[in-house]
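Participant: One structure follows; several queries about it will come next.
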Amino acid sequence: MMNPRNPASRIVTGLPLVALLAAFGCGGGDQSGRPGGGTGTGSGAGKPDARARKVVIQNIGSDTMVNVAQEWSAEYKKVAPNVSVEVGGGGSGVGIKSLMDGLTDIANASRDMKASEKELARKNTGKDPVETIVGYDAIGIYVHKDNPLTEISAEDLAGIYGEAKAITKWSQLGVTIPGGRDEIVVVSRQNSSGTYAFFREHILKNKDFRMGMQSMSGSKDVVDLVSKTPGAIGYSGMGYKTDEVKFVNVSARKGEKAYGPSIGTVRDKTYPLARSLNMYTLGAPQGEVQKYIAWVLSADGQKIVEKAGYVPIEAGK
Amino acid sequence: MISLLKIMLLLALVAGVLYLMYLIYRYCERTMVTLIHICGVSAIVFVFGIFFFIFREGAPFLLKDFDFGGFFLSDKWYPTSEENPRFGILALVAGTGSVTVLAMLFAVPFGLGTAVFISEFCGRKTKEALKILVEFLAAVPSVVWGFIGMMVMNPLIIKLADAPVGLNVLNAGIVVGLMAVPVIVSIAEDAIRAVPDEYRAAAEALGATRWQVVRKVIFPAAKSGLLAAVLLGVGRAVGETMAVLMATGQSINIPFDGNAPFFHPLQSVQTLTATIAAELGEAPSGGHHYQALFTLGIVLFAITFAINLVADLIVKGIRKGK
C-alpha cells in the first residue's frame, strides 16, 4: 500500500507487542522457577503436614551409579508410593554441580568431593555437603575376550596410559593378539569423568594421561568399544561386564599377586582399584530424603547394589 | 502474591492478544509491516546475541590466561590436569579439518553428480522419486548417523582396512559426507534448474552432446550456486557434533605427519564440536575448563564466519565478473 507511514502510529502499534513480549518473558521466568520449587518440597518434606502429599526427590549424578539408582527408585516406589525419586545421570561432576546450585536433593558421586568443591558448596548454599557411602565399586580393566592377557601390574597400566607412552605394543607385555595387531588401542573416558579422575589418581599418581586415547563418553561405551576391538584395553565400572569382554587381574606392584574385582577383594581392599559410591546431601539428610537414604542402606537397598554388579556395604557398618 | 502476579500477567497477555487482533483488523497493513520488520531485525539480534554470550563466557580465559602459542600451536589438551593444565587446540582443529576434508571428498562429487543427474539426465518420474529420497536422507537425525558409524562401519573398517580401531577419520568422513550430500544436492539442483533452457537449446543446436552441455554451459552458468552448495556442505561438516562424537573415536591426535602418505585416515581424532559436547556438561561453570570450552566456541564461530564470508565474496566476485 502507498499509505504514508507516520512515526507516531508506528509506535502505537509497537507498544502492545512490547507488552506481549514482556508478558511472555515473565511467564517463562516464572515457569523455569518451578522445578526448583518442586525440589524444595522434597527437602522440606520432613514437615508433618506433607505426609499425604506427593513428594519428589531429585537424585542426579554419577554415570557409574545411574543404573543402580534407577533400580532403587523403582523399588522404593513399592515401599513408599507417595515418594517419587527422579534419577538423572550425566556424571559425578554434574551431580556435585547440581548440588551446589541447589538443583538436586541428593548428588550421586563415584568419587569423593574435592575440598574446593565443598568450599564452593558452602559458599553457595551456606550448608556443608554430607557424604553417605552407599556401596563400593571397582574399576575393572577390560580386554577383548580373545585377548590372552590374564594379569597386569599397576606400573604397566601406568606405562600404557601415562603421558610418556612407555608401552604401546602388546608384545611389550609378552602377549600376542589373535589376528596379529600388535598396537594397543587405549580406551579411556572423557576428561571430566569421575572414573577418569579416579584412574588418574590411583594408577598415574595424578600425572597426566597420554594423548591419542579413545575418550569415550560413558562407562558402557568403553566396554562396547573393547568388545568390538581385539587389540583394545579399557577401564570402567565392574558392573558393565559382558560376555564379549573379560577382566584382567591387577597387582599393586610388579611381582605381587594379582586380583580380579570381586566382592571379597573390594571389601578387603586387595583389589587396587576399588572405590566407594557416595551420596551427597546439603547438611545431614532430613525427612523423606533421610528415609530414602536409610532404605538404600538397608538390606533391601543393598540387595540391588549386588544385583547391579557392585559391592554392597558390609552390614553393621 | 505470586498467584496474583500470575493472574495479572495472564490478563495482560489476554489483553495484549486481543489488542493485537484488533490492531491487525484495524491497521492490517501497518501491523504486518511492523511484524515483518521485527522478524527481519531478529536475525541480526540473534547473531549478535549468540556472539555476545559465547564471548562473555570465554572472555576471562581470553583476557587473563590466554597464551597464543600454547593455545593455537600446541596439541596438548589437558584442561582438567591436576599438575599442569594445558589448553592446546591444534589437535582439535586438525580433527575438525581432517574430517571435513574427507567428508567433502565424498560429498562434493557425489552431491554434484546427483544434482546433475536429477536435473539433466533422468526422466520426470525418476526425478520426483530421487528428490523425495534425497530429502528423506536429509531428515535422518544425526544421532542415527552416529549410530551407523559406531555399529555398522566400525567393525566393517576393522575387517576391510585392517585398522586397529574402526572409529576414525575415515568412518566420520564417510558418515559426515553422507550427511552433507542432501544439502549439496538440493542447493546445487536449484542452481542448475535456474539456468535458462535457452542456453541448453542453443548448445544442443550447435551439436553439443549432453555431457558437453553440462560441462561447458550448465556448470559455468550455475557456478556461484554450485559453490554456495559446496560451502554450505562444508559448513554442515564443520558444525556436525553428535555423529562425529560417536564416529571419530574421540582421540586427541593429529592425523598428519611427515611419513608418507602424510594423512592417516585410519587414525582416531577429536573435533572442536565434539570436545565441547563431551566436556561442557561436567565442567564447573566459571572455571578454567568451562571458559576454555567457550573459547573453543569462539574459534568455531570464527571458522564458520570465515567460510560464509569467503562464500559471499566469491559469489559476489563471480557476479561482478559477468
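Bear in mind these aren't lab numbers, they're just calculated from the coordinates by the rules spelled out. Since this is a predicted model, take the numbers as computed values, not measurements. Positions of Cβ are backbone-derived with ideal geometry, glycine not excepted, and every protein chain shown enters the neighbour counts.
Participant: When a/c is below 1.5 the answer is rounded, else prolate if a/b is larger than b/c, else oblate, so apply that to chain B with a ≥ b ≥ c taken from the square roots of the Cα gyration tensor eigenvalues. If you can, show how the numbers build up before the last one.
Facilitator: Working: a/c = 1.89, a/b = 1.04, b/c = 1.82.
Verdict is oblate for chain B.
Participant: How far apart, in nm, are the 7 Å Cα→Cβ label points at B:MET151 and A:LYS207?
Facilitator: The answer from the label model is 4.1 nm.
Participant: While we're here: So who's got an amide H within less than 5 Å of the one on A:ILE167, skipping anything under 5 residues away but keeping other chains? H placed 1.01 Å off N, in plane.
Facilitator: The list, which skips near neighbours in sequence, is A:ILE160.
Participant: Using Cα-Cα distances under 8 Å and only pairs 6 or more residues apart, what relative contact order does the range B:197-322 have, in percent?
Facilitator: On the way: 86 pairs, mean separation 30.1, N = 126.
The value is 24 percent.
Participant: If amide hydrogens are placed 1.01 Å from N in the peptide plane, which non-local residues have theirs closer than 5 Å to the one on A:ARG111?
Facilitator: Under 5 Å from the amide H of A:ARG111 lie the amide H atoms of A:ASN278, each far enough along the sequence or on another chain.
Participant: Once both labels are modelled 7 Å past Cα along the beta-carbon direction, what's the A:ASP300-B:TYR22 spacing in nm?
Facilitator: So the two model labels end up 6.1 nm from each other.
Participant: Shifting gears a bit: If you restrict to DSSP beta bridges whose two residues both lie in the protein assembly as shown, what percentage is antiparallel, to the nearest 5?
Facilitator: Details: 28 of 46 bridges.
Of the beta bridges lying entirely in the protein assembly as shown, close to 60 percent run antiparallel.
Participant: To continue, here is another question. In a Debye calculation with equal point scatterers on the alpha-carbon sites of the range B:1-145 and no solvent, what is log10 I(q)/I(0) at q = 0.10, 0.11, 0.21 Å⁻¹?
Facilitator: Debye curve over Cα of the range B:1-145, log10 I(q)/I(0) at q = 0.10, 0.11, 0.21 Å⁻¹: -0.89, -0.96, -1.28.
Participant: Once you've got the Cα coordinates, tell me which of A:LYS54/A:LYS127; A:LYS127/A:LYS291; A:LYS54/A:LYS78 are over 22 Å apart.
Facilitator: Details: A:LYS54/A:LYS127 26 Å; A:LYS127/A:LYS291 20 Å; A:LYS54/A:LYS78 14 Å.
A:LYS54/A:LYS127, as the Cα separations exceed 22 Å there.
Participant: Here's something else I'd like to know. Within the set of other residues whose C-beta is less than 14 Å from the C-beta of B:ILE89, count the net charge using Lys and Arg as +1 and Asp and Glu as -1.
Facilitator: Numbers: positive: B:LYS76, B:ARG86; negative: B:ASP65, B:ASP67, B:ASP75, B:GLU279.
It works out to a net charge of -2.
Participant: Provide the per-residue ³J(HN,Hα) series for the range A:297-310, in order, calculated from phi with Karplus coefficients 6.51, -1.76, 1.60 and θ = phi - 60°, each as a whole number of Hz, with x at glycine and proline positions.
Facilitator: Per-residue couplings from phi come out as 7, 6, 4, 4, x, 6, 4, 5, 4, 5, 5, 6, x, 9 Hz.
Participant: So, R0 is 25 Å and r is the distance between the beta-carbons of B:LEU160 and B:ASN259; what FRET efficiency does that work out to, to 0.05? Kindly include the intermediate steps, with their values, before the conclusion.
Facilitator: On the way: r = 22 Å, r/R0 = 0.89.
Efficiency computed from Cβ-Cβ geometry: 0.65.
Participant: Separation of the range B:199-273 and the range B:145-195 by C-alpha centroid, Å?
Facilitator: Taking the Cα centre of each part, the range B:199-273 and the range B:145-195 sit 12 Å apart.
Participant: For the protein assembly as shown, what mean projected area does the convex hull of the alpha carbons give, in nm²? Before the final figure, lay out each step's value.
Facilitator: Numbers: hull surface 155.7 nm².
The Cα convex hull of the protein assembly as shown, projected and averaged over all directions, gives 38.9 nm².
Participant: Can you list the lysines whose alpha carbon is less than 28 Å from that of B:LYS64, not counting same-chain residues fewer than 8 positions off?
Facilitator: Within the straight-line cut-off, B:LYS64 pairs with A:LYS97, A:LYS114, A:LYS118, A:LYS123, A:LYS207, B:LYS76.
Participant: What 222 nm value per residue comes from the helices of the protein assembly as shown, counting each DSSP H run with n ≥ 4 as -39,500 (n - 2.57) and dividing by all residues, nearest 500 deg cm²/dmol?
Facilitator: On the way: 24 runs with 341 residues, N = 639.
So the helix-based figure for the protein assembly as shown works out to -17500 deg cm²/dmol.
Participant: Write down the Kirkwood hydrodynamic radius of the range B:2-65, to one decimal in angstroms, obtained as one divided by the mean of 1/r over all alpha carbon pairs. Spell out each step's value before the answer.
Facilitator: Working: mean 1/r = 0.0653 Å⁻¹.
Taking every pair of different Cα atoms in the range B:2-65, averaging 1/r and inverting gives 15.3 Å.
Participant: Kindly identify the range A:138-267 as rounded, prolate or oblate by the Cα gyration tensor criterion: order the square roots of the eigenvalues as a ≥ b ≥ c, call it rounded if a/c is under 1.5, otherwise compare a/b with b/c, prolate if a/b is larger, else oblate.
Facilitator: Details: a/c = 1.10, a/b = 1.07, b/c = 1.03.
Rounded, because the longest to shortest axis ratio a/c is under 1.5.
Participant: List, in order, the whole-Hz ³J(HN,Hα) value for each residue of the range A:102-111 obtained from phi through the Karplus relation with A = 6.51, B = -1.76, C = 1.60 and θ = phi - 60°; use x for Gly and Pro.
Facilitator: Once θ is set to phi - 60°, the couplings for the range A:102-111 become x, 9, 9, 7, 10, 9, 8, 9, 8, 9 Hz.
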